[in-house]
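The values are calculated or read from the model by the stated rules, or taken from the named source; none is laboratory data. Note that the coordinates shown come from a computational prediction; the quantities given were computed from them, not determined experimentally. Cβ: placed from backbone, ideal geometry, glycine included. Neighbour counts: every protein chain shown. Accessible surface areas use protein heavy atoms only, side chains included; no ligands, DNA or RNA. Shrake-Rupley method; radii C 1.70, N 1.55, O 1.52, S 1.80 Å.
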Amino acid sequence: MFQTTIRGVISGTGVGLHTGVECSVVLRPSPADTGWLIRRSDIVGSTLERVSPESLCDGNYATQLSISGTRISTVEHLFSALFSHKIDNVIIEIDGPEVPIFDGSAQFWDNSLRDTGAEPMPEPAQYLVVTKTVRVSEGERWVELAPQGDSKRRGLSVEVTTLFKHPLIGRSDTSFDLTTDYFSSEIAWARTFCFEADISDLKAAGLAKGGTLSNAIVFGKDDVINQGGLKAIDEVLRHKCMDLLGDLAILNSRISGRVRAYMPGHSLTGALVRALLSQPEAWTIRR
């Protein structure tokens, strides 16, 4: 396997889910072995920095990075698409505090990456190979990374369970081997969601300022408020898988291993990423 970058420039403009601010993102090709480089283009003096777990900020409702002393929020949908399309090197420039939410899914980024295509490079791809199981938990919730069953196999296997006490959600389970085609057909279109009963608290906390029924599923007490309802009965599970992939992408490397999760969330997956890197005996880098 060889490294890739994008074949051309990708750009998109839209409203941030939590800030309500209109922002634009521009993706540009980057040389081999640079990884993902990101900056706030609207701030004078902001320089490109390599995405890494050290830049990760704590957050329950979105994945946030601290870059050049500023924050960039809600990167998970973009990151899940770049990760699933196996884009190893890219420049990400954002002219605001948040990646646009678009329709609440990763569909815009998935479509754009498919249209633009990946440019292969002569350098071999880098894999973070999990060699020992690492798990983090919070009450009954947990997430773990474990080695692949076959030591010769490269790639990421995913197992996720979600459980919500809502009549239209309940418990859902899935397992799959991540490929670009699987992401496009089964994950990319799943939208973010919230519960109507929580909206006032989110607003009071200064969040969801850009949230509408056009960019989020809203669950009422017994139903879905959005016209047209869910795209799939397990759309919540699929979106949770998307968020999980986007948060693992903070490692800025392809991953060879198995991720298993029970009720994952941004803060929990962030804790897993930090725990993995704190245990150098649990992983190795291979090309």
Binning every alpha carbon pair distance of the stretch 32-129 at 10 Å from zero, what are the percents per bin? 14, 46, 35, 6
Grab the alpha carbons of the stretch 207-287, take their convex hull, and tell me the volume per residue in Å³. 149
Can you give the charge dipole size of the stretch 43-144 about its Cα centre, rounded to the nearest 20 debye, using +1 on the beta carbon of Lys and Arg and -1 on the beta carbon of Asp and Glu? 280
Of Ala188, Phe2, Gln107, which is farthest along the charge dipole of the chain in the positive direction, counting Lys and Arg as +1 and Asp and Glu as -1 at C-beta? Phe2
If you plug each phi of the stretch 200-211 into the Karplus form 6.51 cos²θ - 1.76 cosθ + 1.60 with θ = phi - 60°, what whole-Hz ³J(HN,Hα) values come out, in order, with x for Gly and Pro? 4, 5, 4, 5, 5, 8, x, 10, 6, 5, x, x
To the nearest Å, what is the center-to-center distance of the stretch 3-81 and the stretch 226-259, using C-alpha atoms only? 18
For the chain, size of Cβ-based charge dipole, Lys and Arg +1, Asp and Glu -1, in debye: 620
Once you list every other residue whose beta carbon is under 11 Å from the beta carbon of Arg171, what net charge do they have if Lys and Arg are +1 and Asp and Glu are -1? -1
Can you give the charge dipole size of the stretch 138-243 about its Cα centre, rounded to the nearest 20 debye, using +1 on the beta carbon of Lys and Arg and -1 on the beta carbon of Asp and Glu? 220
Largest first, how would Ser214, Ser46 line up by accessible area (1.4 Å probe)? Ser214, Ser46
Throw me the Rg/Rh for the chain, computed over C-alpha atoms with Kirkwood Rh, two decimals. 0.94
Top positive-direction residue, dipole computed over the stretch 223-271 with Cβ charges, set Ile255, Ile233, Gly270: Ile255
Counting only DSSP beta bridges with both residues in the stretch 146-287, what percent are antiparallel, rounded to the nearest 5? 55
Cα gyration tensor shape for the stretch 144-287, rounded if a/c is under 1.5, else prolate or oblate: prolate
Given a 1.4 angstrom probe, I'd like the percentage of the accessible area of the chain that is carbon and sulfur, rounded to a whole number. 50
Tell me which GluC sites (Glu not before Pro) from the stretch 18-92 have a DSSP coil assignment and no more than 13 other beta carbons within 10 Å of their own. none
As a percent rounded to 5, the proportion of antiparallel DSSP bridges among beta bridges in the chain is 70
Determine the principal axes of the Cα atoms in the stretch 91-131, then give the extent along each, sorted from largest to smallest and rounded to whole angstroms. 34, 28, 20
Roughly speaking, what is the stretch gain from Gln279 to Thr47, that is 0.36 nm per residue apart minus the C-alpha to C-alpha distance, in nm to one decimal? 80.5 nm
Accessible surface, per residue, of the chain when the full set of protein chains is kept, probe 1.4 Å, Å²: 43
Using Cα pairs closer than 8 Å and at least 6 residues apart in sequence, work out the relative contact order for the chain, in percent. 27
What's the Kirkwood radius of the stretch 176-218 in Å, using all Cα pairs? 12.2
Grab the other residues whose beta carbon is less than 9 angstrom from that of Ser267, score K and R as +1, D and E as -1, and report the net. -2
For the stretch 67-192, report the % of Cα-Cα distances exceeding 27 Å. 32
For the peptides 262-274, 199-211, 99-111, what is the packing order when you average, over each peptide's residues, the other Cβ atoms within 10 Å and list the highest mean first? 99-111, 262-274, 199-211
